[in-house]
Amino acid sequence: MAGDLRSREINLEVGPHNFMAFDCNKERGDSSPDNCSRICTEGTLVQANPLSHYWKPKGLKSLNKLENQKSSHGSVPRDDNPEQEAEASDEASASTCGIRCFTDLPAALVCEVLARLDAKDLGIVSCVSTLLHALATDHQGWKKLYCERWGLPDLPDALNGPLLPGAPLDGKSWKTFFVEREFRSKSFMGRFNVDILRGHNEDVRAVFLLVSANLIFTGGRDSVVRMWKMEEGLLIDTSRALGGTIRAIAADSRLLVSGGTNAYIQCWRAVEGNDHLFHISGSGTDQNAEFRLWGHEGPVTSLALDSLRIYSGSWDMTVRVWDRAQMDCVQKFMHADWVWSLALRGNTVASTAGRDAYVWDIRDGELTSLVSNAHVGNAYSLAWTHLADVLFTGGEDGAIRLFNVSDVSDDEEDIKPVATWVPHSGPVHSLAFEYPWLVSASSDGRIALIDLRKLLTPKRSSKGLRVKSFDASAIEPPQRMLHGVGCDLFSIAIGADRIVCAGEDGSVRVWNFSEALEIERRAQALRSLRQENRMRRRKAQVEMNANGRRPDQCSIAMKKNQLKADKSATWHNKRAINEKAKS
């Protein structure tokens, strides 16, 4: 059977409009009904497509039914229903000619075809039939599309389990996760309101948004870490004074870390059964839930986490990698200047030191890329995308630059910026990226939002996912500027439908775009209702035309005249009442 299938040539054309067009009836240059009957038996189809319960060879069952009727009665009886007769004849002729459905292909080939499509094309495929809708909805390509844009989601309830889920979360499919996240990303151009969180006595240098747990962490010159509820804006817990200025915070569902001028990393483990994951005040809890990591010889300026390691950058010109299980430093990357920021992506970590940007491979500890003189002055901030090896840097000169480090050859001496934005008049202290938005915070008190959807649109190739070639037409200015802060901004974070920033006035501002999200949801529901009504009217019209009937024009005219008559009668009644009132 496998050899028989491999001997056939399958010419498949996939696209948004013609992905159903193919020919699989060729064998050694000829096509005959005998050859077609060998591959169109029901048993052969089941062996060729052991995919799932979605495979229902309806057409083949109908064909077998017709053949049984031929053998028992000598001729196929004519059905009274012309539609069923036409359907049966079409199925029989299709099977005789060797034209088969796209879903009759082997399961591995169908999955490979669907994996080559992007999100838009997968959506188009799901609208063709109920079978393709089920296949396209449950396809694992949605997980790949989601992770390329936003990475793997974090689970707040998996304290002792792995952080990398391999199956749909919370009973939802990966398509549902993708659609919800894509829909939520469009809310940043709509209405918003600003919530101000007050509690710090001095300037705030670090903010972190943990969307999966609905938490905001802040720290600053007052040497304490505060934990806030994102939705209500309430202060949940406050740590004791740690000594020195808190300059970096990072967290996931199992660990919270902070660092500052005291040169050590303060760590809190998540507490089992705690609604807010962490108990950072330290009173009445297990002593093992709080500990410190020593090793840096200067202030800790940046932190990052993954499921296995902790990454820290410091003014001692090093980036250290810590093992989360052993809590020991396992790697150290040396720089030529103070380390200002770092960003993590897979098995690589990027960092900025002085004017330069570095890209390190964690597996072998080698420097893979070096961007020299990225800015005029220090490169204070850094952001990295999940989609490709694209770095964003913000510097002392007020500029934001994009560097593509995926196509760097050995012959190139310097990596040139692909795009440059200058939305600020002061140094860019912080950058944050969540597809497709890049947000920046500057000492001029403004926040810039840059939509990178056109610039980071992926294209498929034989080498896998790559970003399309950059051109000047795809580089757009910032789509939105948020004003009204009036002070230097030192840190920013973006997640869900929130933007969190903080600065020298000691307050934390939360830009809430949930109102725009609700407005867009209502508008989308209204559009869906109108589309459904149009489809129903069109279906009713098609059925009436198929039955040879036309709408009763007389009844329609009578209804219109009846409405006019009702209006005229109401007018005459009002006129009689007015005349009586006058008399």
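The values are calculated or read from the model by the stated rules, or taken from the named source; none is laboratory data. Here the structure is a predicted model, which is why all the values come from computation and not from measurement. Cβ sites come from the backbone with ideal geometry, for glycine too, and all protein chains shown count toward neighbours. All accessible areas refer to the heavy atoms of the entire protein, side chains included, with ligands and DNA or RNA removed. Shrake-Rupley method; radii C 1.70, N 1.55, O 1.52, S 1.80 Å.
Here are the numbers for the structure shown:
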{"quantity": "Hits in region 123-134 (condition: in contact with a Ser or Thr (Cβ under 9 Å, 6 or more places away or on another chain) and either among the aliphatic types (A, V, I, L, M) or open to solvent by less than 40 Å² (accessible area, probe 1.4 Å) (or both))", "calculated": "S126, L131, L132, A134"}
{"quantity": "Every pair of residues 6+ apart whose Cβ atoms lie under 6 Å, when the first sits in region 478-499 and is within 15 Å of L438 (Cβ to Cβ) while the second is open to solvent by less than 50 Å² (accessible area, probe 1.4 Å) and among the acidic types (D, E)", "calculated": "Q479/D451; I494/E434"}
{"quantity": "Residues (assigned to a loop (DSSP other than H, G, I, E, B) and either open to solvent by less than 60 Å² (accessible area, probe 1.4 Å) or polar (S, T, N, Q) (or both)) located in region 322-336", "calculated": "R324, Q326, M327, H335"}
{"quantity": "Pair list, Cβ under 9 Å, 6 or more apart: region 281-293 residue over 16 Å from W322 (Cβ atoms) and at pLDDT 75 or above, other residue among the charged types (D, E, K, R) and in a loop (DSSP other than H, G, I, E, B)", "calculated": "S281/R240; G282/R240"}
{"quantity": "Single match in W340, W322 (criterion: more than 25 Å from N373 (Cα to Cα) and in contact with a strand residue (DSSP E or B) (Cβ under 6 Å, 6 or more places away or on another chain))", "calculated": "W322"}
{"quantity": "Single residue of region 379-402 satisfying the filter (open to solvent by 10 Å² or more (accessible area, probe 1.4 Å) and in a strand (DSSP E or B)) that is nearest to W421 (Cα to Cα)", "calculated": "R401"}
{"quantity": "Matching residues, region 330-370, being of a type in the set (K, R) and in contact with a Lys or Arg (Cβ under 9 Å, 6 or more places away or on another chain)", "calculated": "K332"}
{"quantity": "Sole residue being modelled with pLDDT of 95 or more and under 18 Å from the mean Cα position of the chain (by Cα), chosen from V439, V428, V467", "calculated": "V439"}
{"quantity": "L242 being surrounded by fewer than 17 Cβ atoms within 10 Å (Cβ to Cβ) and more than 20 Å from D328 (Cα to Cα)", "calculated": "no"}
{"quantity": "Filtered residues of region 193-208 (kept if among the acidic types (D, E) and within 19 Å of S443 (Cα to Cα))", "calculated": "E202, D203"}
{"quantity": "Number of positions in region 482-536 that are open to solvent by 20 Å² or more (accessible area, probe 1.4 Å) and over 13 Å from I447 (Cβ atoms)", "calculated": "23"}
{"quantity": "First in region 365-378 and on the phi < 0 side of the Ramachandran plot and assigned to a loop (DSSP other than H, G, I, E, B), second anywhere and of a type in the set (K, R) and surrounded by 19 or more Cβ atoms within 10 Å (Cβ to Cβ), Cβ under 8 Å, 6 or more apart", "calculated": "S372/R355; A374/R355; A374/R401; H375/R355; H375/R401; V376/R355; N378/R355"}
{"quantity": "Flag if R205 is of a type in the set (D, E, K, R), assigned by the TED database to the domain that holds A270 and within 29 Å of the chain's Cα centre (by Cα)", "calculated": "yes"}
{"quantity": "A270 vs. criteria within 16 Å of R324 (Cα to Cα) and under 27 Å from the mean Cα position of the chain (by Cα)", "calculated": "yes"}
{"quantity": "Scope region 476-511; condition hydrophobic (A, V, I, L, M, F, W, C), within 21 Å of the chain's Cα centre (by Cα) and either modelled with pLDDT under 90 or outside the structural domain of S212 (by the TED database) (or both); matching residues", "calculated": "A496"}
{"quantity": "Of all residues making up region 357-384, the number that are out of contact with any Gly (no Cβ under 7 Å at 6 or more places or on another chain) and either under 22 Å from I310 (Cβ atoms) or at pLDDT 95 or above (or both)", "calculated": "15"}
{"quantity": "Residue among R221, R269 that is surrounded by fewer than 23 Cβ atoms within 10 Å (Cβ to Cβ), of a type in the set (K, R) and in contact with a helix residue (DSSP H, G or I) (Cβ under 8 Å, 6 or more places away or on another chain)", "calculated": "R269"}
